[in-house]
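Novice: Dropping a structure here in structure tokens format, bear with me for questions.
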Amino acid sequence: MVEPRVERLAHSEANARRMAIIESRFGASGEPLSKPGRVLVGEGVLTKLCRKKAKARQFFLFNDILVYGSIITKKKYSRQHIIPLEDVNIVPLDDDGAWKNGWQIISPKKSFSVFAASSTEKNEWVAHMKKCITDIQAKKSGREQEKKPAAVWVPDSDASICMCCLKTKFNALVRKHHCRKCGNVVCGTCSTKRFILPDIATKALRVCDTCYKDLILPVSQDQGAVGLPPSTFASQLNNTGTRPKQSDQMANYGSSDEDDDDEIPAVQNGHRTFYEGFNSDGEEEGDYSTVY
């Protein structure tokens, strides 16, 4: 059953207009966001802990998805990411020195930490996200298989040596890489393999040797147990095998943090807007003209 507030806003001109504005600000590279029954719940700027440093990102919370992107200007964004809320889990983080008002967004597709400018802002975001997640999960069939969440990447600054072999020291000549399966920082020698992680991407992704062994074992067992055609098994192995050295030097960080090259700094003073009918305290908030 659709909630009255969602039903009302889903058919409003203001909701349609806002989604059209958001689509236009991501440009041709962004995916269409308009969908029957989809409602914009709120938006704002949060600090996302990326691979190299913390950076400001524009977030849009809908009743079924979370969208975020890099900030080019106040009215232009790039590198759009869409995370379905049905498999999202919110994990609050304790304040730790300069890192305050944070929580983790855990999902099969992507997992990461974000930080708000104040505890009040954090509480509002978390309350609204949890409400949306609860509503959409209530509609799911109990027979659906639960997906495994993607790992939260360990920041580069937290690793001075390879977390796989525990020997290789990182320096200007020895690059840091991230395993897409466990999120650990590893050296190139310990991450020469690739494996298809279907919940994250359709292409084979970099994994460390430890995770590769864990991943390839079920594939080998399946091949023997159900008699997969040799071509099927060989195809999976080809996608997970060692790649050419030249390609290793040119490897990107695509499936985990495509927005890492962007140098927009983290925000000091955040801003968020949650729209009418979505106040986590039960009171009505501003209408769709609050920001734009």
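Novice: Specify the residue that is least open to solvent (accessible area, probe 1.4 Å); the eligible residues are those in region 59-100 that are without any contact (Cβ under 8 Å) to a residue 12 or more places away in the chain and of a type in the set (D, E, K, R).
Specialist: Taking the candidates together, the pick is Asp95.
Novice: How many of the residues making up region 114-125 are surrounded by fewer than 20 Cβ atoms within 10 Å (Cβ to Cβ) and farther than 15 Å from Glu43 by Cβ?
Specialist: Within region 114-125, the first condition is being surrounded by fewer than 20 Cβ atoms within 10 Å (Cβ to Cβ), and the residues that meet it are 118-121, 123.
Checking the rest, the ones that are also farther than 15 Å from Glu43 by Cβ come to 118-120, 123.
Within region 114-125, residues that are surrounded by fewer than 20 Cβ atoms within 10 Å (Cβ to Cβ) and farther than 15 Å from Glu43 by Cβ number 4.
Novice: Condition check: modelled with pLDDT of 85 or more, outside any helix (DSSP H, G or I) and loosely packed, with under 15 Cβ neighbours inside 10 Å. Does Leu205 satisfy that?
Specialist: Details: modelled with pLDDT of 85 or more: yes; outside any helix (DSSP H, G or I): yes; loosely packed, with under 15 Cβ neighbours inside 10 Å: no.
The answer is no for Leu205.
Novice: Among the residues in region 28-36, are any over 23 Å from Ser118 (Cα atoms) and part of a helix (DSSP H, G or I)? Please lay out each step first, then the result.
Specialist: Here is the first cut: in region 28-36, the residues over 23 Å from Ser118 (Cα atoms) are 28-36.
Now restrict to residues that are part of a helix (DSSP H, G or I): 28-29.
Yes.
Novice: Related question: State the number of residues belonging to region 178-200 that are outside any loop (DSSP other than H, G, I, E, B), open to solvent by 10 Å² or more (accessible area, probe 1.4 Å) and either in contact with a helix residue (DSSP H, G or I) (Cβ under 6 Å, 6 or more places away or on another chain) or closer than 24 Å to Ser107 by Cα (or both).
Specialist: Initial filter on region 178-200 (outside any loop (DSSP other than H, G, I, E, B)): 178, 185-186, 189-191, 193-196.
Cutting the leftovers down to open to solvent by 10 Å² or more (accessible area, probe 1.4 Å) gives us 189-190, 193-196.
Imposing the further condition that a residue be either in contact with a helix residue (DSSP H, G or I) (Cβ under 6 Å, 6 or more places away or on another chain) or closer than 24 Å to Ser107 by Cα (or both) reduces the set to 190, 193-196.
The number of residues fulfilling the criteria is 5.
Novice: May I ask you to verify whether Ile133 is part of a strand (DSSP E or B), under 16 Å from Glu86 (Cα atoms), open to solvent by less than 30 Å² (accessible area, probe 1.4 Å) and not acidic (Asp, Glu)?
Specialist: no
Novice: Among the residues of region 152-163, are any among the hydroxyl-bearing types (Ser, Thr, Tyr) and either farther than 23 Å from Ile216 by Cα or surrounded by fewer than 16 Cβ atoms within 10 Å (Cβ to Cβ) (or both)? It would help to see each step written out before you state the result.
Specialist: Residues of region 152-163 that are among the hydroxyl-bearing types (Ser, Thr, Tyr), as a first pass: 157, 160.
From the residues that got through so far, the ones that are either farther than 23 Å from Ile216 by Cα or surrounded by fewer than 16 Cβ atoms within 10 Å (Cβ to Cβ) (or both) too are 157, 160.
Yes, that holds for at least one residue.
Every residue, every condition in (1) polar (S, T, N, Q); (2) at positive phi; (3) in contact with a Lys or Arg (Cβ under 6 Å, 6 or more places away or on another chain), yes or no:
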| residue | (1), (2), (3) |
| --- | --- |
| Leu9 | no, no, no |
| Ser12 | yes, no, no |
| Ile22 | no, no, no |
| Gly27 | no, yes, no |
| Gly30 | no, no, no |
| Ser34 | yes, no, no |
| Phe60 | no, no, no |
| Gly69 | no, no, yes |
| Lys76 | no, no, yes |
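The rows are residues; the columns are (1) at pLDDT 90 or above; (2) touching a Pro at 6+ places or on another chain (Cβ under 6 Å); (3) not basic (Lys, Arg).
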| site | (1), (2), (3) |
| --- | --- |
| Ser118 | yes, no, yes |
| Met129 | yes, no, yes |
| Thr134 | yes, no, yes |
| Lys139 | no, no, no |
| Arg143 | no, no, no |
| Val154 | no, no, yes |
| Ser157 | no, no, yes |
| Phe170 | yes, no, yes |
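Novice: Can I ask one more? Given (1) under 22 Å from Gln80 (Cα atoms); (2) in a helix (DSSP H, G or I), identify the lone condition not met by Ile105.
Specialist: Only one criterion is unmet by Ile105, namely (2).
The values are calculated or read from the model by the stated rules, or taken from the named source; none is laboratory data. For clarity, every value in this text was computed on a predicted model and none was experimentally measured. Cβ coordinates were reconstructed from backbone atoms using ideal geometry, including for glycine residues, and neighbour counts include every protein chain displayed. Protein only, heavy atoms only, side chains kept; ligands, DNA and RNA dropped before computing areas. Shrake-Rupley method; radii C 1.70, N 1.55, O 1.52, S 1.80 Å.
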